[in-house]
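Coordinate-derived values only; no laboratory data. The shown structure was predicted, so the numbers you read here are calculated from the model rather than taken from an experiment. Cβ: placed from backbone, ideal geometry, glycine included. Neighbour counts: every protein chain shown.
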Amino acid sequence: MIAGWEGHFRESPAASPIEAKTQALPDVLRIDVSSRVYLWPYGEIRRKHKGYPGDPVILQRGDQPFPELVIYDPSFLSHLNEAVPALTRHLYKPGTLPGRVAFGLGVAGCLAGVIYFLVPLFASWLAPILPPSVEERIGSILVDNIAPESALCQSPSLNQAVEKITDRLCASSQPAPRLSVVVVREKVINAMALPGNRIVIYTGLIQKTRTPEELAGVLAHEIEHVVNRHVMKSWLQQLSSRLILYALVGRLSGPITSLYQSTGSMMILHYSRDFEEEADVKGMHRLEASHIDPHGMVTFFETLQSDGDTPELLTYFLTHPSTRSRIRQLRDIADKTPGPFEKLLPDLDWTTIRTQCS
Ligand SMILES: [Zn+2]
């Protein structure tokens, strides 16, 4: 047995993350959660995605996206690989896949190329021509699950404030579709773009903002995910990669399960580094074009970074990059933005508004 690592464990997308202690035993990874113990055989453990350097390590068991285990120490995998190298090589080497899947890909190496090169191209091509009615339908199913009427914040003052900020961002010279932004009453610190030009934002995040400009920064980033079709592109990429993988290893029932899992895991959709950078940079330009001080986006991310790994923040860090280099890049852009800026919602007391629906 080697040293333990601390992290969080989540049973389902809707469940709150709970503290977990992890130990590497000779054949299994032992996970202690409250009074329960999970033993995950190394051969069945998979990484959810590679993430950014320094990002938390996110693991799942087998094909099921949940439960998931998040370990914050990025050196976890290299330590694990030193302790049980034969059993954890598939986790440590980025891009390799375990067991039967690795064998299938080894035999059909050219098909792996299809997954990693042609599928993203296919998704980029398909996303813009997908009929709006299909995207709208997918979006409405997701919103019914993520943000049902009963979970929405009913405060007129907070909803109007969010609407005014969104209108200002969409009225700038940067084109934007007609957006639907809903505020969900929950402590989670997160915001997400969904198909059908929708954005969901949680009251936990709004409470964390110190100024309307900070909220505008978060919204500008999400609006760019919508405008640049990142949601459907990422979802189609993820879905088609899974379908091909299932076909390779001959699991005929896989595609149906895959379709279901991809829809479910959209709640924690992880965009590529390119998409995140595009949303960051274009979001800053949108703020500038709207005459909103872009430093709000920077200070908000700095607050999150300084708050560390609290359970409420976990969801945000699972779906957004949180590296220092990202903040540095945003500050560089903000410092070069000449202004002048017009104060957002000057007549409102933001300290009062942001805590509505808390
Ligand atoms: Zn993002």
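Work out how much length Ser358 to Ala86 would gain on full extension: take 0.36 nm times their residue separation and subtract the Cα-Cα distance, in nm to one decimal.
Taking Ser358 through Ala86 to full extension adds about 93.0 nm, to one decimal.
For a 26 Å ceiling on Cα separation, which of these pairs sit above it: Lys187/Lys336; Lys164/Lys233; Lys282/Lys336; Lys187/Lys233?
Lys187/Lys336; Lys164/Lys233; Lys187/Lys233
With a Förster radius of 25 Å, plug the Cβ-Cβ distance of Asp63 and Asp144 into 1/(1 + (r/R0)^6) and report the FRET value to the nearest 0.05.
So, using R0 = 25 Å, E works out to roughly 0.50.
Give me the distance in nm between label points sitting 7 Å out from Cα along the Cα-to-Cβ direction at Ser75 and Glu163, one decimal.
So the label points at Ser75 and Glu163 sit 5.3 nm apart.
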